[in-house]
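**Q** Pasting a structure here, questions to come.
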Amino acid sequence: MRLDDLVSAIGAAYACGTPLRLRGAGSKDFYGGMLLGDVLEVGAYRGIVAYAPSELYITARCGTPLAEIEATLAEQGQMLAFEPPQFTGASLGGCVAAGLAGPRRQQAGAVRDFVLGVKLIDGTGQVLDFGGQVMKNVAGYDVSRLLAGSLGTLGLLAEVSLKVLPRPVAEATLLFAMEEGEAIARLNQWGARPLPISASFWSAGQLFLRLSGARAAVDAAQQKLGGELLAEAGDHWLAVREQQHAAFGTGPLWRLALPSGTPPLGLDGLLASEWGGGQRWYAGDQPGAVLRQAARQAGGHAVLYRAAESQRGLEGAFAPLPEPLLALHRRLKKSFDPRAILNPGRLYAEL
Amino acid sequence: MKPMPTSEPRFATDRPQLARRLQAILPAHCLLLDDEELRPYECDGLTAFRELPLAVCLPENETQVVAILRTCYQLGVPVVARGAGTGLSGGAMPHAQGVVLSLARFNKILRLDPLARLAVVQPGVRNLAVSEAAAPHGLYYAPDPSSQIACTLGGNVAENSGGVHCLKYGLTVHNILRLRLVSIEGEIFEIGSEAPDAPGYDLLALLIGSEGMLGVVTEVTVKLVPKPEQARVVMASFAAVGQAGDAVAAIIAAGIIPAGLEMMDKAATAAVEPFVKAGYDLEAAAILLCESDGTPGEVAEEIERVTAVLTAAGAREIRVSQSEGERLRFWAGRKAAFPAIGRISPDYYCMDGTIPRKRLAEMLEAIAGMEKKYGLRCANVFHAGDGNLHPLIMYDACQPGEWARAEAFGGEILELSVALGGSITGEHGVGIEKINQMCVQYKSPELQVFHAIKAAFDERGLLNPGKAVPSLHRCAEYGQMHVHHGELKFPELERF
Ligand SMILES: Cc1cc2nc3c(=O)[nH]c(=O)nc-3n(C[C@H](O)[C@H](O)[C@H](O)COP(=O)(O)OP(=O)(O)OC[C@H]3O[C@@H](n4cnc5c(N)ncnc54)[C@H](O)[C@@H]3O)c2cc1C
């Protein structure tokens with residue numbers, strides 16, 4: 001597949017006003033709002049375009065499997081620091097468009113924090129280049145980062161450049177028995193101290209804490225924090241990252257994003273929490289309105305993360321936006337995709 | 001110098017009417033109208049471009065900000081927001097037909113939450129003041145521009161400012177959680193949140209670095225991070241700049257992300273050494289400063305690895321700071337580089353291109369050639385770790401033709417930055433200064449998208465008009481002028 005194929009597909013859809021549903025590997029079909037429009041498969045537009053380990057960037061086409069990117073980086077002792085889930089063969093384009101990060105999110109940053117540049121095909125079929133491959137670039141508005149998490153509603157991310165980082169030299173996982181409230185309090189106290197904490201996962205009375213960094217730093221932190229050292233913790237963190245851990249279940253799932261120090265909400269259905277308390281998972285049979293309200297009150301928001309499409313359509317996957325902000329979203333959408341053909345309803349029904 | 005181009009939209013403000021309307025909404029001590037009082041606002045840190053505004057507003061609360069913006073919107077008057085005026089690209093330079101909206105009195109830290117590790121501050125709070133307030137809790141605000149004693153958070157947000165520690169700790173965009181913004185129509189927006197991943201488009205990313213073009217920031221929530229237990233600096237000197245550049249790449253290739261990684265060339269060390277007595281190797285073609293932070297064991301481990309890489313890269317001399325005092329002295333020279341150049345030259349012009357690290361030697365060689373071509377000296381300081389170069393071109397504004405030569409010299413550096421795969425600005429912004437080079441960095445379809453984004457926030461183009469994004473017409477003119485490739489026919493003439 002060539003770039004021109006994608007350009008002409010979108011150009012033709014623009015000419016006829018045909019809605020398109022952009023699809024990489026389809027690993028996140030479960031995520032977001034409605035899946036509307038003719039499917040445009042982009043997974044075949046793949047391949048690493050450039051990788052410069054000493055410049056800390058990699059550039060690849062949207063269909064490139066994350067697994068291929070991670071393997072290439074690993075050969076040079078590097079990684080995608082935001083630890084994106086791969087689910088069933090996720091592609092780079094879908095990863096950036098969905099903006100989902102893994103266990104290292106609180107320490108390393110979100111997907112958008114690592115986006116350096118993009119090649120975009122907008123809703124008229126025009127190819128646009130924003131950002132680049134250098135670490136710092138403030139020329140023009142930062143469109144590349146705006147696109148992270150936009151779920152393909154502003155354009156097709158044909159190519160993305162990401163910042164990469166070295167893998168930590170040492171890693172250790174500590175296990176503590178503690179209840180939710182204590183885990184949240186401890187994690188926030190530890191977060192204010194210079195400790196090399198790179199991930200946390202709490203579920204069913206157990207707190208898993210991952211330390212990453214220089215050998216000396218990891219050893220020193222282990223001494224300070226106590227807990228039980230968990231050997232071979234790699235599988236545990238992989239299961240958390242891929243949401244294969246038993247706590248996530250297989251049914252509908254709500255994700256609450258909260259200020260990390262928010263005390264336990266005291267609602268039924270809590271399955272697990274991550275990111276020092278900033279991300280908490282609830283079973284999906286909760287009334288959405290209750291979770292949305294509780295999250296809002298705490299200064300956060302709730303996402304209907306995994307559910308049947310009909311329920312996502314009914315409730316909306318994402319917390320509703322206040323009217324002036326929604327109007328701003330509409331104006332931005334219009335400037336990238338004037339006929340609203342790209343992934344209609346995938347982010348909000350109104351976009 | 002009047003930089004305003006002919007091709008930007010024109011405004012014709014009724015000055016007495018504007019004054020009356022502003023007097024009706026602001027107490028006398030919040031409004032400046034006399035030329036004498038307006039004079040201090042005529043430029044920012046880029047003093048080559050000056051313009052007197054019609055009025056300066058110094059509001060004390062958000063209600064006043066809303067009222068000022070509504071008034072200007074109704075009257076069609078341009079508004080330029082201003083923090084401390086330390087910007088280096090003319091971003092806060094006033095508009096001749098407009099109002100300067102200074103946030104200087106928005107100088108309170110509204111909330112500092114050590115458990116949540118964040119602070120809610122007004123935009124006029126100085127960068128360093130945030131870290132000072134957080135220090136008793138063992139926390140600090142990571143981005144540390146060299147101007148941090150003076151520059152404000154509002155300015156930092158508008159420019160996406162960096163500092164010497166941003167390779168490891170990120171730029172402003174990585175350290176802001178939430179903004180409160182007033183649009184030109186006087187509407188208030190909350191962007192981002194204390195919780196991760198606010199719903200909708202990542203408008204925070206769009207607003208940070210938007211140079212006062214999209215709205216006026218009235219509140220900023222910043223992330224605070226724990227202060228490392230210890231920091232130490234390795235200072236290494238090299239006989240050739242190429243070697244120093246390769247050493248930077250080698251450190252990163254070895255899997256080390258130092259807390260800071262800076263370079264200065266011989267002209268820069270020669271200028272600062274008499275001033276700060278940092279003990280730099282003045283024979284060296286370039287020196288590197290490489291900081292490690294963390295637990296004492298971690299720092300020792302990293303310094304050992306860094307030293308090995310630097311030795312293999314051919315360093316002439318390597319010194320490791322043995323005390324906090326010595327560490328600060330090593331840094332003092334780097335932090336004082338701009339004022340030190342100001343002492344040896346009547347004026348200097350600071351550039352801000354970024355390039356891939358591996359092209360550094362090439363760039364410095366080209367700059368040496370340009371020094372001869374334009375007959376001006378240039379000292380180079382470099383955020384080497386993230387490829388952000390600050391050539392300081394020395395000139396004398398009182399010598400006819402020198403500024404024009406300095407400007408052409410700078411323009412050539414920026415265009416070479418783009419050609420080498422980098423950008424015309426890493427942290428100082430486009431402002432009015434690099435508006436022409438934007439035509440080199442972006443093609444018209446991308447510029448059109450920028451204009452569409454601007455229109456989504458500010459349809460009538462009243463916020464900071466003529467800055468940051470050039471009109472397509474302007475680029476067409478610049479393109480024509482550029483046919484002869486950098487060889488301007490009449491270099492002594494003002495451009496636009
Ligand atoms: C000696 C020296 C050293 C420097 N070192 C560095 C450095 O290391 N790294 C770096 O990145 N920069 C550096 N700078 C540049 C400058 O300090 C930064 O760009 C700084 O962020 C500007 O802040 P300010 O408050 O002075 O903003 P101003 O210069 O007043 O304004 C800058 C821009 O911000 C806009 N603005 C200001 N406040 C608001 C607001 N509330 N809402 C919307 N828009 C607003 C203005 O319109 C303008 O476009 C240096 C400057 C000097 C003079």
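**Q** Near the amide H of A:Leu265, under 5 Å away, which other amide H atoms are found, from residues 5 or more places off or on another chain, if H is placed in the peptide plane?
**A** none
**Q** Which ordering of B:Cys57, B:Cys398 is given by a fewest-first count of other beta-carbon atoms within 10 Å?
**A** With the sparsest Cβ surroundings first, the list reads B:Cys398, B:Cys57.
**Q** Mind sorting B:Asp202, A:Asp4 by how few other Cβ atoms lie within 10 Å of their own Cβ, fewest first?
**A** A:Asp4, B:Asp202
**Q** Limiting things to C-alpha atoms, what are the Rg and the maximum Cα-Cα separation (Dmax) for chain B, in angstroms?
**A** Over chain B's Cα set, Rg and Dmax evaluate to 22.7, 70 Å.
**Q** Just want the answer: with Cβ charges of +1 for Lys and Arg and -1 for Asp and Glu, which residue in A:Asn137, A:Leu36, A:Ile121 is farthest toward the dipole's positive end in the stretch A:3-166?
**A** A:Asn137
**Q** Two decimals, Cα atoms only, Kirkwood Rh: what is Rg/Rh over the stretch B:109-226? Before the final figure, lay out the partial values.
**A** Values: Rg = 13.2 Å, Rh = 14.1 Å.
Rounded to two decimals, Rg/Rh equals 0.94.
**Q** Same structure again: Take each complete run of DSSP H in chain A, measure how far its Cα atoms stretch along the helix's own axis, and keep only those covering 27 Å or more with mean Kyte-Doolittle hydropathy at least 1.6; list them.
**A** Details: long enough: none.
Membrane-span-like by this rule: not one helix.
**Q** How big is Rg to Rh over the stretch A:3-166, alpha-carbon atoms, Rh as the Kirkwood inverse-mean-distance radius?
**A** 0.95
**Q** Let me ask something else about it. Which lysines have a Cα lying under 27 Å from the Cα of B:Lys373, excluding residues fewer than 8 positions away in the same chain?
**A** Straight-distance partners of B:Lys373: B:Lys2, B:Lys266, B:Lys358, B:Lys434, B:Lys489.
**Q** Give a residue-ordered list of calculated ³J(HN,Hα) values for the stretch B:430-436 (Karplus: 6.51 cos²θ - 1.76 cosθ + 1.60, θ = phi - 60°; whole Hz; x for Gly, Pro).
**A** Computed from phi, the couplings for the stretch B:430-436 are 7, x, 9, 5, 9, 4, 5 Hz.
**Q** Give the residue from A:Ser198, B:Gly162, B:Ala24 lying farthest towards the positive end of the charge dipole for the protein assembly as shown; charges sit on Cβ (+1 for Lys and Arg, -1 for Asp and Glu) and the dipole is referred to the Cα centre.
**A** Highest projection toward the positive end goes to B:Ala24.
**Q** Using the Cα centre as the reference, give the magnitude of the dipole from point charges on the C-beta atoms of the stretch B:109-226 (Lys, Arg: +1; Asp, Glu: -1; all else neutral), rounded to the nearest 20 debye.
**A** The calculation lands at about 380 debye.
**Q** While we're looking at this one, here's another question. Restricting to DSSP loop positions (anything but H, G, I, E, B) with no more than 14 other Cβ atoms inside 10 Å of their own Cβ, which GluC sites (Glu not before Pro) remain in the stretch A:123-190?
**A** Here the GluC sites (Glu not before Pro) that fit, given the DSSP loop and packing criteria, are A:Glu179.
**Q** Using the Cα centre of chain A as the reference point, and only Cβ charges (+1 on K/R, -1 on D/E), how large is the resulting charge dipole? Debye, rounded to the nearest 20. The partial results should precede the final answer.
**A** Details: 32 positive and 32 negative charges, 157 e Å.
In total the dipole reaches around 760 debye.
**Q** Could you pull out every residue, at least 5 positions away or on a different chain, whose amide H is within less than 5 Å of the one on B:Gly431? Hs are placed 1.01 Å off N in the peptide plane, and Pro or chain starts have none.
**A** The answer is B:Ala468.
**Q** Based on alpha-carbon atoms only, what is the radius of gyration of the stretch B:230-339 relative to the globular estimate 2.2 N^0.38 Å?
**A** Against the compact-globule rule of thumb, the ratio is 0.98.
**Q** Taking the Cα atoms of the stretch A:109-154 alone, what are Rg (to one decimal) and Dmax (as a whole number) in Å?
**A** 10.7, 32
**Q** Net charge around A:Gly125, counting only other residues with Cβ within less than 12 Å of its Cβ (Lys, Arg = +1; Asp, Glu = -1)?
**A** Details: positive: A:Arg339; negative: A:Asp4, A:Asp5, A:Asp122, A:Asp337.
Residues close to A:Gly125 contribute a combined charge of -3.
**Q** What's the Cα-based Rg to Rh of the protein assembly as shown, Rh via Kirkwood?
**A** Using only Cα positions, Rg/Rh for the protein assembly as shown is 0.95.
**Q** Then there's this: Starting from the amide H of B:Gly426, placed 1.01 Å from N in the peptide plane, find each other amide H under 5 Å away whose residue is 5 or more places distant or on another chain.
**A** For B:Gly426, whose amide H was placed from the backbone, the distant partners under 5 Å are A:Val138, B:Thr354.
**Q** Next question. Debye sum, Cα scatterers, chain A, no solvent: what log₁₀ I/I(0) at q = 0.07, 0.13 1/Å?
**A** -0.30, -1.06
**Q** Note the full-extension length gain between A:Asp29 and A:Gln244 as 0.36 nm times their separation in residues minus their Cα-Cα distance, in nm to one decimal.
**A** Details: separation 215, 0.36 × 215 = 77.40 nm, distance 1.68 nm.
Using 0.36 nm per residue and subtracting the Cα-Cα distance, I get 75.7 nm.
**Q** For the stretch B:74-91, just list the computed ³J(HN,Hα) in residue order, Karplus coefficients 6.51, -1.76 and 1.60, θ = phi - 60°, integers in Hz, with x standing in for Gly and Pro.
**A** Rounded to whole hertz, the list is 5, 8, x, 9, x, 10, 10, 6, 8, x, 8, x, 8, x, 10, 10, x, x.
**Q** Sticking with this structure for a sec: Among A:Gln293, A:Pro259, B:Ala259, whose Cα sits farthest toward the positive end of the charge dipole of the protein assembly as shown (+1 at Cβ of Lys/Arg, -1 at Cβ of Asp/Glu, about the Cα centre)?
**A** A:Gln293
**Q** Hey, another quick one. Please list 3J(HN,Hα) in residue order for the stretch A:168-177, calculated via the Karplus relation 6.51 cos²θ - 1.76 cosθ + 1.60 where θ = phi - 60°; whole Hz, with x for glycine and proline.
**A** Going residue by residue, I get x, 5, 10, 8, 8, 10, 10, 10, 10, 8 Hz, with x marking Gly and Pro.
**Q** Additional query: Cα centroid distance between the stretch B:404-460 and the stretch B:226-279, in Å?
**A** That distance is 29 Å.
**Q** Within the set B:Lys168/B:Lys454; A:Lys119/B:Lys223; A:Lys28/A:Lys334; B:Lys443/B:Lys467, which residue pairs have Cα atoms separated by over 23 Å? Please list the in-between numbers first.
**A** On the way: B:Lys168/B:Lys454 31 Å; A:Lys119/B:Lys223 30 Å; A:Lys28/A:Lys334 25 Å; B:Lys443/B:Lys467 17 Å.
Cα-Cα > 23 Å for B:Lys168/B:Lys454; A:Lys119/B:Lys223; A:Lys28/A:Lys334; rest within.
**Q** Follow-up question, since we're still on this one. Taking neighbour counts of Cβ atoms within 10 Å as a proxy for exposure, in what order, fewest first, do B:Glu194, B:Glu415, A:Glu309, B:Glu433 appear?
**A** A:Glu309, B:Glu415, B:Glu194, B:Glu433
**Q** If I model the stretch B:68-148 as equal point scatterers sitting on the Cα atoms and use the Debye formula, what is log10 I(q)/I(0) at q = 0.16, 0.17, 0.18, 0.22 Å⁻¹?
**A** -0.72, -0.77, -0.82, -1.01
Read the figures in this text as sums done on the coordinates, not as results from a lab. Fair warning: this is a prediction, and the values are worked out from it, not measured in the lab. Neighbour counts are summed over all protein chains in view; Cβ atoms, including those assigned to glycine, are modelled from backbone coordinates with ideal geometry.
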